[in-house]
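Student: Got a structure for you, questions after.
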Amino acid sequence: MSEMKKIKNLKEFSTSADRFEGANLLCPGCAHSIIVREVLNATNDDLILSASTGCLEVCTAVYPYTSWDASWIHIGFENGSTAVAGAEAMHKALKRKGRLKQPDKEPKFVSFAGDGASYDIGFQWISGCMERGHNMMHVVLDNEVYANTGGQRSSATPIGASATTSPAGRVSYGEKKNKKDMVAIMAAHGIPYSAQVAPNKWKDMVKKIQHGLEVEGPVFINAMSPCTTEWKFDPKDTMMISDLATDSLVFPLYEIIDGHKLNITYRPKNVIPVEEYLAAQGRFKHLFKDEYKHLIKEWQERVDKNWEMLQRREEAGV
Amino acid sequence: MADNTMGWDEFEIGAMLRSFDGPIKDIALTPQEERNYSPNNSFTASVADWRIEKPIFNKDYCIDCQFCWIYCPDVSIVSRDKKMLGVDYDHCKGCAICVEVCPTNPKSLLMFPEQEDEEAAIASWPEKEEKEK
């Protein structure tokens, strides 16, 4: 086994040599590449990567360019996870037969996908990978919308958000259905590790990624990725929006070990009202009209309830 | 009538791009300037024309906290040996996240119009802001 990379502080982390290149075509201020960099830099091991169709894939592999300095594959919208699972199974089989060219190397298998490719279209495939117990990690870049195709709602879109297929207007306040709790669904497969991460909490993220790469078995990571185009905020505010999301507990950071034991990994010192998070984004602009103001209260209640539930689960320790 | 149909094995099977030329070893331990990039690597391309404003780095105020390095979406902050060296203007898209996350007072990175001269910008750098009590 290769040794885990030691990352004590940001200065030490900054000596990493990036394996993800610039001049990709992601929007200025896109959080996708921040998350990808934090994931790839968390390890020095060889990587076998995939990306399902989505912003990340179409922007980092525009023929004749690639932005990846590691083995990377894209096949379809739904099967990025199974492509990596297949490579992992092959690696295992060749190792058993003693036919690996570099038997001392232990590559890590990571698949990236957006929320559309994970929550909706690739759901069955990911569920299969988790159930079969492949030694891989699936990272969701959760921007809560199909950003690549122009902002259609996905099952990760939260209540009240205006998307092109659930637009807010005179008769509607936008998306009407609640966001799917994907981390809980994946944890219910009994996988050794599933966690929620955010790009602004880089240390928490690196710790979780390193743990995830270290454990034997499938790992599911849900990473919040603020989308400057579809959430409608200024590109420079990406980290500010991430801070608002984690500090208002709209996006709590926690991990679930072996499918049942829940740990909260970040408790904000000052919890800020959800209203501030909503007010910072154009997709929730209409909620501040008089007729939809009750939704903000409902948002707060929902977030409080969820936080209460997480805390109780953590206390129970089962 | 000529048969124009293609069999399953006659289609293009997809594209494979190589990130590097020649044999490679331990990319994770090789800094960018020592890598042998192939022309297919997007490192050899540039998105400089996306910018209307560029960040300018003033090393006098920098404390090497590396917040700009970790939060740069475009791998455009050049940090070596725990020191911040400057901005890679070939790959910077001008999103200004680095300026936003810079904790120093005054900031060691500020946005200026694309045509601004670097020396003139540093000469006109704002003074330290006094905090209101």
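Bear in mind these aren't lab numbers, they're just calculated from the coordinates by the rules spelled out. Every value quoted in this text rests on a predicted model; they were computed, and no experiment measured them. Cβ: placed from backbone, ideal geometry, glycine included. Neighbour counts: every protein chain shown.
Student: Per-residue ellipticity at 222 nm for chain A, helices alone: DSSP H runs ≥ 4 residues times -39500 (n - 2.57), over residue total, nearest 500 deg cm²/dmol?
Tutor: -10000 deg cm²/dmol
Student: Moving on. Taking neighbour counts of Cβ atoms within 10 Å as a proxy for exposure, in what order, fewest first, do B:ASP21, A:ASP46, B:ASP74 appear?
Tutor: B:ASP21, A:ASP46, B:ASP74
Student: In nm, give the distance between the simple-model label positions of A:LYS6 and B:LEU85, each being 7 Å from the Cα along the Cα-to-Cβ direction.
Tutor: 2.4
Student: Report ³J(HN,Hα) in whole Hz for each residue of segment B:93-106, in order, from the Karplus equation J = 6.51 cos²θ - 1.76 cosθ + 1.60 where θ = phi - 60°; Gly and Pro get x.
Tutor: 9, x, 7, 6, 5, 4, 5, 5, 8, 5, x, 7, 10, x
Student: Related question: Using a 7 Å offset from the Cα along the Cα-to-Cβ direction at both A:ASP258 and A:LYS232, what is the distance between the two label points in nm, to one decimal?
Tutor: 4.7
Student: A follow-up question, please. Give the aspartates and glutamates reachable from A:LYS232 as a straight Cα distance under 15 Å; neighbours fewer than 8 places away on the same chain don't count.
Tutor: Qualifying aspartates and glutamates at Cα under 15 Å: A:GLU144, A:GLU276.
Student: Give me B:LEU85, A:LEU25, A:LEU40 ranked fewest to most by other Cβ atoms within 10 Å of their Cβ, as a rough exposure proxy. Please list the in-between numbers first.
Tutor: Values: B:LEU85 13, A:LEU25 18, A:LEU40 21.
By the 10 Å Cβ count, ascending: B:LEU85, A:LEU25, A:LEU40.
Student: Next question. Strictly over 23 Å apart at the Cα level, which of A:LYS269/B:LYS128; A:LYS208/A:LYS269; A:LYS108/B:LYS25; A:LYS105/A:LYS201 would you flag in this model?
Tutor: A:LYS269/B:LYS128; A:LYS105/A:LYS201
Student: Gap in Å between the Cα centre of segment A:59-78 and the Cα centre of segment A:272-318?
Tutor: About 36 Å separates the Cα centre of segment A:272-318 from the one of segment A:59-78.
Student: Helix A:31-40 sits at what angle to the longest principal axis of chain A, using alpha carbons and giving 0 to 90 degrees rounded to 10?
Tutor: Tilt of helix A:31-40: around 30 degrees.
Student: Helix A:80-96 versus the longest principal axis of chain A: what angle, 0 to 90°, nearest 10, using Cα atoms?
Tutor: Around 20 degrees separate the two axes.
Student: How would B:CYS92, B:CYS65 line up from fewest to most surrounding beta-carbon atoms within 10 angstrom?
Tutor: Going from sparsest to densest Cβ surroundings: B:CYS65, B:CYS92.
Student: Is chain B best put as rounded, prolate or oblate by its Cα gyration tensor, with a ≥ b ≥ c the root eigenvalues, rounded for a/c under 1.5, and otherwise prolate when a/b is larger than b/c, oblate when not?
Tutor: In terms of gyration-tensor shape, prolate.
Student: Relative to the compact-globule scaling 2.2 N^0.38 Å, provide the ratio for the alpha-carbon radius of gyration of chain A.
Tutor: 0.99
Student: Let me ask another. Highest GNM mean-square fluctuation, chain A, Cα pairs closer than 10 Å: which of A:SER154, A:SER14, A:SER242?
Tutor: A:SER14
Student: Quick query: amide H of A:VAL197 versus all other amide H atoms, modeled in the peptide plane; which residues come in under 5 Å with a sequence gap of 5 or more or a different chain?
Tutor: Amide H neighbours of A:VAL197: A:ASN222, A:ALA223, A:MET224.
Student: Taking amide H atoms as placed 1.01 Å from N in the peptide plane, list the residues 5 or more away in sequence, or in a different chain, whose amide H sits under 5 Å from that of A:VAL219.
Tutor: Under 5 Å from the amide H of A:VAL219 lie the amide H atoms of A:MET136, A:MET137, A:HIS138, each far enough along the sequence or on another chain.
Student: Under a crude label model (7 Å from the Cα following the beta-carbon direction), how far is A:LYS105 from B:THR44 in nanometres?
Tutor: 2.2
Student: Further, regarding this structure: When the helix-only estimate is applied to chain B (DSSP H runs of n ≥ 4, each -39,500 (n - 2.57), divided by the residue count), what is the mean residue ellipticity at 222 nm, nearest 500 deg cm²/dmol?
Tutor: Result for chain B, helices only: -2500 deg cm²/dmol.
Student: From the Cα gyration tensor of segment A:89-213, with a ≥ b ≥ c the square roots of its eigenvalues, which class applies: rounded if a/c is under 1.5, or else prolate if a/b is larger than b/c, or else oblate?
Tutor: prolate
Student: If a paramagnetic tag sat 7 Å from the Cα of A:GLN152 along the Cα-Cβ line, which residues of segment A:27-64 would have the backbone N under 19 Å from that point?
Tutor: A:52-59
Student: With only alpha-carbon atoms in the gyration tensor, what are the semi-axes of the equivalent ellipsoid for segment A:148-228, in Å, largest first?
Tutor: Rounded to whole Å, the semi-axes are 31, 15, 9.
Student: Note the angle between two axes, namely the Cα long axis of helix A:202-214 and the longest principal axis of the Cα atoms of chain A, as a number of degrees from 0 to 90, rounded to the nearest 10.
Tutor: Approximately 40 degrees, to the nearest 10.
Student: Whose amide H sits under 5 Å from the amide H of A:GLN152, counting only residues 5 or more places off or on another chain, with H placed in the peptide plane?
Tutor: HN-HN under 5 Å from A:GLN152: A:TYR146, A:THR164.
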